[in-house]
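**Q** Have a look at the structure that comes next, please.
Throughout, read-outs are computed from the coordinates displayed, never taken from laboratory work. Since the model is a prediction, treat every value here as computed from it, not as a measurement. Virtual Cβ from ideal backbone geometry, glycine too; neighbours counted across all protein chains shown.
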């Protein structure tokens, strides 16, 4: 049997072993890493090249065009703030990739003493993702602007370039997926930088192309299932949280409306909305994203260790799982 299929059961056993019996401290610590690794919803970051068009304002340039509005001081300040926050969150996402793997491989979820050592490798991973993201954004911008700039001719040119853009999208996705799932653990196992880790992993990738190729196919399916689970889970939590908050807002708003100005009620609505979103994000990350992200990452670690034992970070966990299975078989339970 292939390691890509065997590891499905091992990853489930390891996930159950880590998360149960339930420990609030362990789940919260894992939730911090899961939040940054997968974003507020735990979804994977995929770099896809779109094929749609975007209607841009006319004219794009000129005294009454878009660029003078974009260059306004307010836009620049807001844009700079959004850029800084986005880059910081992206860096934290890269940093916590290493923290998350350490939590899983040691089965010790505490964060103390793990963030600082992950800062340097996290920076190299951040740089890699930034390059991949810029390439993906450039491809998407090309797809959006070409028809807008050249009209029907641009649409025909887009059809010509579309196969190449599709290939670029697939390559970028593969680079990001393989780096996150396998090169990051190799960096931890060898204490190498990202480039050296890729050099070390590349011969094994080429030599076991069938195994890693099968993993990618299975991982796509798991990603789709995980997306559905996350969406349904967050929606259910939003409903459970939203109904009592809505009732409380209506009651509070009715009381305040009789005494205070409408604007205060509007501010109250914004406040309740922010509280609701915050609660949904926290509860959803803890209850939904943690088990999903834990299983997906354990799956990658078990496949890597099975196919390439020199980078096996979960050898002890595998032995414990297999030992437990053998004990149950001997006792007939």
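**Q** Of the residues that make up segment 301-309, is at least one closer than 18 Å to residue 109 by Cβ and assigned to a helix (DSSP H, G or I)?
**A** Among the residues of segment 301-309, at least one is closer than 18 Å to residue 109 by Cβ and assigned to a helix (DSSP H, G or I), which makes the answer yes.
**Q** Can you tell me which residue within segment 156-170, out of those that are surrounded by fewer than 14 Cβ atoms within 10 Å (Cβ to Cβ) and either over 29 Å from the mean Cα position of the chain (by Cα) or free of Cβ contacts under 8 Å to residues at least 60 places away in the same chain (or both), is nearest to residue 213 (Cα to Cα)? Write out each step before concluding.
**A** Residues of segment 156-170 that are surrounded by fewer than 14 Cβ atoms within 10 Å (Cβ to Cβ), as a first pass: 156, 159-160, 162-164, 167, 170.
Checking the rest, the ones that are also either over 29 Å from the mean Cα position of the chain (by Cα) or free of Cβ contacts under 8 Å to residues at least 60 places away in the same chain (or both) come to 156, 159-160, 163-164, 167, 170.
Numbers: 156: 34, 159: 29, 160: 29, 163: 22, 164: 21, 167: 16, 170: 13 Å.
Residue satisfying both the conditions and the ranking: 170.
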